[in-house]
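The values are calculated or read from the model by the stated rules, or taken from the named source; none is laboratory data. Quantities reported herein were computed from a predicted structural model and do not represent experimental measurements. Every residue, glycine among them, receives a Cβ derived from its backbone with ideal geometry; neighbour counts consider all protein chains shown. The protein model used for the area step is the full one, side chains on, heavy atoms only, and it has no ligands, DNA or RNA in it. Shrake-Rupley method; radii C 1.70, N 1.55, O 1.52, S 1.80 Å.
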Amino acid sequence: LVDIIWQWIWNLPNMIYICIVMTVSDIILQFATSEGGSFRKNELMSHMEGGPFSFAYIDLALNRMVKAGKLLREGRGLYRVKDDRREFLPSLSSLSIEIAYIFKSELPFTKYCLYEGEWINPFMHHLAGNLLHYLEVERDAMDSVFDRLSAKGYTVFLRPDREFMYRYVDIHNPKAIILKPLVSESPLVQISDIPCPTLEKLLVDMSKDPDFGYLQGAEYLRILANVKRAYKINEQRLLRYASRRSAREEMLNALQSSDYDID
């Protein structure tokens, strides 16, 4: 009994924090997101067991959320979040298509992915637009790809670090290409038959890569909050890739922090 009392006292600050900052609806929606958007009632109850809310109150909250249109009831004990957010499927520029053609015709067995700085511009608050192009290739092929593209007249920067980016790279140059290694088992999606990063991969890379140093910190949390409001994010995919980049805890903290207003 003493152990139970001490455990309750130890958890009391967290329970007070949850009551003040997060409503039961917030917690239900957070749980639904972690489960990919749908969940079973018994799983939710198990997740919230021992928390500050009674099962009866949680059940009442579920019914209210269904009536308010925040949740859809899809069967006995099965709920799904009503999600008006869009899939992230940006378009590719002519330069990206040119680069993809080089891989298709000259490097057909080299794994790569392409994306563009313009994809992230709508999410930024106070920073100038990024017009760079980004190319990720297998680590063993980086030097040969760099030499091939350079010989064709492209402006390519090979694995620039934070200081190099600050001193020598003009992010407003739409013809410049940042070349860096492709992490194995990266989550990719085909856009116009060209391998591109999923939104989840892009978010993790933005938090880790030195060439994105100008986006990190408080600005990154703003970007993440904006992305979460506008687009669907698969948190399991994001955290799985974050684990490959030794950034799982960082991303968990960022996801939680971005739920609140960042001034």
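Points to keep in mind about this one:
- For q = 0.08, 0.10, 0.17 Å⁻¹, Debye-computed log10 I/I(0) when each Cα of the chain counts as one equal scatterer: -0.42, -0.62, -1.31
- Taking Cβ atoms as reference points and 15 Å as the exclusive limit, the residues near residue 131 contribute a net charge of -3, counting Lys and Arg as +1 and Asp and Glu as -1.
- Per residue, the accessible area of the stretch 63-114 comes to 68 Å², computed with a 1.4 Å probe over protein heavy atoms only.
- Rounded, prolate or oblate (a/c below 1.5 giving rounded, otherwise prolate when a/b exceeds b/c) for the stretch 194-243 by Cα gyration tensor: oblate
- Cα-based radius of gyration of the stretch 109-263 once divided by 2.2 N^0.38 Å, which approximates compact folds: 1.03
- Legend: Rg and Dmax of the stretch 126-178, from Cα coordinates, 11.7, 37 Å.
- When both bridge partners sit in the chain, DSSP labels roughly 60% of those beta bridges antiparallel.
- Note on residue 82: accessible area approximately 110 square angstrom, rounded to 10, probe 1.4 Å, nucleic acids and ligands left out.
- Spatial separation of Cα centroids for the stretch 199-263 and the stretch 104-145, in angstrom: 18
- Dividing the helix sum by the residues of the chain, where each DSSP H run of 4 or more adds -39500 (n - 2.57), gives a mean residue ellipticity at 222 nm of -14500 deg cm²/dmol.
- Shown for the chain are the DSSP H helices of 27 Å or more along their axis, judged by Cα atoms, with a mean Kyte-Doolittle hydropathy of at least -0.5: 2-21.
- Positive minus negative residues near residue 187 (Lys, Arg vs Asp, Glu; Cβ under 15 Å): +3
- Mean separation of Cα pairs under 8 Å and 6 or more residues apart, divided by the residue count, gives the chain a relative contact order of 16 percent.
- Remark: the stretch 139-263 carries 52 Å² of accessible area per residue (probe radius 1.4 Å; ligands, DNA and RNA excluded).
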